[in-house]
Amino acid sequence: MADENRIELTVVIPVYNEESNLEPLYQELSSVLSATPLSYEILAVDDGSSDNSFKKLTEIQHNDSHVRIIRFRRNFGQTAAFSAGFKYARGTIIVPIDADGQNDPADIPRLLAKLNEGYDIVSGWRKERKDNAVTRTLPSRIANWLIGRITGVRLHDYGCTLKAYRAESLKPIRLYGEMHRFIPALARWGGENVAEIVVNHRPRIRGKTKYGLNRIFKVLLDLITIKFLASFSTKPIYIFGGMGGLCLLGSLLSGGITIYMKIAQDYSMNRNPLLIVSTMLMTTAVQFVLMGLLAEILVRTYHESQDRPTYVIEKIQEPNPATGSQES
Ligand code: UDP
Ligand code: MG
């Protein structure tokens with residue numbers, strides 16, 4: 001290594017009760033990484049494991065100064081582990097990988113090569129997935145299709161942990177819920193180039209999976225959230241106002257029919273259920289508009305308090321003082 005302080009590559013590993021998987025994964029990883037010309041670090045995020053994972057990591061770190069460990073106070077979830085890992089990563093390239101050995105470290109050089117072709121993110125595609133068909137592969141197929149449709153970013157496999165990111169495209173993204181899988185979509189919306197390559201996938205041999213079927217609902221709700229944020233986060237009144245407008249229209253229509261039935265057919269307005277429909281829709285319309293205005297206040301607070309612009313600049317090109325003045 002030429003410069004001890006400069007790290008080119010950070011491998012981020014989220015770890016939750018993976019004691020039996022850490023040593024084998026570490027062996028594989030370090031043989032792959034030491035064969036690359038890059039200076040690297042391995043950043044393990046212990047997501048509040050209750051087994052001996054932290055002890056194992058400490059033992060590994062004892063013999064290898066490439067290894068850094070972040071330990072959470074309790075289990076905060078895989079997305080939170082990524083969030084911390086990405087924040088404290090020192091490398092200019094960041095590669096997350098599962099701790100259970102299902103991702104193959106041997107794919108890392110291929111991801112990096114693809115990144116060097118000029119992409120900001122290269123996502124792994126577990127084309128031949130070695131997981132339970134009913135609880136994993138099938139739901140994930142449907143989810144991937146849906147995410148592709150809704151986000152407009154077409155990838156085959158959003159859920160694959162193994163990806164390669166340029167640090168600068170990752171650092172501005174804040175992660176909540178189960179959202180790490182949406183990073184490519186979020187990044188593409190910000191103007192980043194995203195590619196996908198097929199990676200190896202292996203069955204889990206040790207330890208057990210940490211997820212059940214309830215992850216599907218979380219992912220779906222997150223999808224609605226990011227779609228909403230992406231489409232309307234700067235102008236929420238447009239969507240709320242639109243829905244309010246529809247309700248108002250329905251209310252007027254239903255109220256109009258009530259009055260017409262009273263005049264033309266002498267049908268009592270009190271007994272007419274359409275009167276209730278009209279009143280309810282009117283109330284809802286007002287509520288929608290008020291919600292929209294509240295959301296407008298929230299959005300302003302969000303952007304202004306964090307100094308988050310509503311656009312992404314690629315670069316600002318100033319005139320070159322050596323080649324003459326601006327005014328000429
Ligand atoms: N993981 C984590 N925190 C959690 C759940 C999982 O850090 O709360 C880690 C886990 O240790 C593994 C990765 O996330 O490295 C993927 O988990 P798992 O293999 O259980 O998911 P699956 O491959 O079944 O989707
Ligand atoms: Mg797994």
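Since every read-out is calculated from the coordinates, none of them should be taken as a lab result. As the structure is a prediction and not an experimental result, all values here were calculated from the model. Reconstructed Cβ throughout: ideal geometry from the backbone, glycine too, with neighbour counts over all protein chains shown.
Let a ≥ b ≥ c be the square roots of the eigenvalues of the Cα gyration tensor of the stretch 93-191; is it rounded (a/c under 1.5), or, if not, prolate (a/b larger than b/c) or oblate?
In terms of gyration-tensor shape, oblate.
Assuming R0 = 22 Å, what is the FRET efficiency of Val134 and Lys210, from their Cβ-Cβ distance, to the nearest 0.05?
0.80
What percentage of all Cα-Cα pairs in the chain are separated by more than 38 Å?
The answer is 33 percent, as a whole percent.
For the stretch 193-252, how big is Rg over Rh, using alpha carbon atoms and the Kirkwood form of Rh?
We get a ratio of 1.26 for the stretch 193-252.
Answer rounded, prolate or oblate for the stretch 98-151, using the Cα gyration tensor with square roots of eigenvalues a ≥ b ≥ c: rounded when a/c is under 1.5, else prolate when a/b is larger than b/c, else oblate.
Oblate shape, in that a/c is at least 1.5 and b/c is the bigger or equal ratio.
So what's the back-of-envelope 222 nm ellipticity for the chain, counting only DSSP H runs of four-plus at -39500 (n - 2.57) apiece and dividing by all residues, rounded to 500?
-15500 deg cm²/dmol
Would you mind ranking Val199, Val299 so that the residue whose beta carbon has the fewest other beta carbons within 10 Å leads the list?
Ranked by crowding around the Cβ, least crowded first: Val299, Val199.
If you place +1 on the Cβ of every Lys and Arg and -1 on the Cβ of every Asp and Glu, how big does the dipole about the Cα centre of the stretch 11-135 come out, in debye to the nearest 20?
I would put it at about 360 debye.
Which distance in nm do the two modelled labels at Trp145 and Phe76 give, with both placed 7 Å along the Cα-to-Cβ direction?
In this crude label model, Trp145 to Phe76 measures out at 3.6 nm.
Using the crude model of +1 on Lys and Arg Cβ and -1 on Asp and Glu Cβ, and no other charge, please compute the dipole size for the chain relative to its Cα centre, in debye to 20.
Dipole magnitude for the chain comes out near 1180 debye.
Among Ile150, Ala89, Asn132, whose Cα projects farthest towards the positive end of the dipole of the stretch 88-159, with charges put on the beta-carbon of Lys, Arg (+1) and Asp, Glu (-1)?
Ile150
For the stretch 173-266, which chymotrypsin sites (Phe, Trp or Tyr not before Pro) are in a loop by DSSP, counting at most 15 other Cβ atoms within 10 Å?
Sites meeting the loop and neighbour criteria: Tyr176, Tyr211.
Once you sort the root eigenvalues of the Cα gyration tensor of the stretch 52-107 as a ≥ b ≥ c, which label holds: rounded (a/c under 1.5), prolate (a/b larger than b/c) or oblate (the other case)?
rounded
Considering the dipole of the chain built from charges on the beta carbon (Lys and Arg +1, Asp and Glu -1) around the Cα centre, which of Pro172, Ile313, Ala80 is farthest to its positive end?
Ala80
Among the listed pairs Lys87/Lys315; Lys114/Lys208; Lys55/Lys87; Lys87/Lys130, give every one whose C-alpha distance is greater than 28 Å.
The answer is Lys114/Lys208; Lys87/Lys130.
Only residues of the stretch 267-295 count here: report those whose backbone N is under 12 Å from the spot 7 Å along Cα→Cβ of Met261, or say none.
267-278
Work out the FRET efficiency for Glu314 and Phe228 from their Cβ-Cβ distance, taking R0 = 30 Å, and round it to the nearest 0.05.
Plugging the Cβ-Cβ distance into 1/(1 + (r/R0)^6) gives 0.70.
What distance in nm separates the two pseudo spin-label positions at Tyr238 and Leu221, each 7 Å out from Cα along the beta-carbon direction?
Result: 2.7 nm between the two label points.
Taking the stretch 225-314, which GluC sites (Glu not before Pro) meet the DSSP loop condition and have no more than 13 other C-beta atoms within 10 Å?
Glu314
Would you mind working out the magnitude of the charge dipole of the stretch 207-316 relative to its Cα centre, with +1 at each Lys and Arg C-beta and -1 at each Asp and Glu C-beta, to the nearest 20 Debye?
Rounded to the nearest 20 debye, it is 520 debye.
Just His156, His180, His66 to compare: in a GNM of the chain, with alpha carbon springs under 10 Å, which one fluctuates most?
For the chain, modelled as a Gaussian network with Cα springs under 10 Å, the answer is His66.
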